[in-house]
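Written below as structure tokens is the structure these notes are about.
The values are calculated or read from the model by the stated rules, or taken from the named source; none is laboratory data. Computed from a prediction, not measured in an experiment: that's the story for all the values here. When we count neighbours, we look across all protein chains shown, and the Cβ atoms used for this are built from the backbone with ideal geometry, even at glycine. The area values use the complete protein model at the heavy-atom level, side chains included, leaving out ligands, DNA and RNA. Shrake-Rupley method; radii C 1.70, N 1.55, O 1.52, S 1.80 Å.
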Amino acid sequence: MNEKAILEMERCVLRNTRAASRMMTRNFSRRLGRFEITTEQFSLIASLAGAEHDSVSALADYLAIERSTLSRNLSLLEKKGVVQKRAADKGNGVIYSLTAKGQALFEEMVPHWQAAQDAILDVVSREELDAALNVLKRVAKL
């Protein structure tokens, strides 16, 4: 392999974002693991705490995950009593929301999530983090 290709691999967007994602997952998992909730489930709970989504498909799109992955996590959270479902106002879809237990769990997890967020600021500045998040949000729309 030539030297230029090797140098370009160091700039590989896929490799670098996956490496950063794995490190972020570990960072957040260390702080949220005590709640027996995965980081993906935390993101789901936080999304439900912040707004109602009019369908499972809309929620999957918002979270940028496969609908089957979302459905599996919703089912697990429903068994734990964290989320509940109701029939959609139109059609045959369902809408999920947090239960009182889910809302309390979310509120209990927030300080631990905040600690994970703050740990990132030990490595990068607020400006760098905001710039990176803006780039990631734009790329996520591809």
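Going through the stretch 50-77 one residue at a time, which ones are closer than 20 Å to residue 137 by Cβ and aliphatic (A, V, I, L, M)?
Those that are closer than 20 Å to residue 137 by Cβ and aliphatic (A, V, I, L, M): 51, 58, 59, 60, 63, 64, 65, 70.
Could you grab the pairs with beta carbons closer than 8 Å, sequence gap of 6+ or different chains, first residue in the stretch 54-75 and of a type in the set (D, E, K, R), second one open to solvent by less than 50 Å² (accessible area, probe 1.4 Å)?
Close Cβ pairs (under 8 Å, with a partner that is open to solvent by less than 50 Å² (accessible area, probe 1.4 Å)) amount to 54/88; 54/93; 54/95; 66/60; 67/56; 67/60.
Are any residues in the stretch 21-52 at pLDDT below 90 and more than 15 Å from the chain's Cα centre (by Cα), and if so, which ones?
Hit for the stretch 21-52 is 52, nothing else.
Kindly establish whether residue 7 is crowded, with 16+ Cβ neighbours inside 10 Å and either part of a helix (DSSP H, G or I) or charged (D, E, K, R) (or both).
No: the conditions fail for residue 7.
Name every residue in the stretch 10-25 that is more than 26 Å from residue 71 (Cβ to Cβ), assigned to a helix (DSSP H, G or I) and open to solvent by 90 Å² or more (accessible area, probe 1.4 Å), in order of residue number.
Listed by number, the residues that qualify are 10, 13, 14, 15, 23.
Could you say whether any residue in the stretch 122-136 is closer than 21 Å to residue 49 by Cβ, surrounded by 15 or more Cβ atoms within 10 Å (Cβ to Cβ) and among the aliphatic types (A, V, I, L, M)?
no
Of everything in the stretch 53-66 that's at pLDDT below 90 and open to solvent by 50 Å² or more (accessible area, probe 1.4 Å), which residue is nearest to residue 100 (Cα to Cα)?
Checked the stretch 53-66; the qualifying residue nearest to residue 100 (Cα to Cα) is 54.
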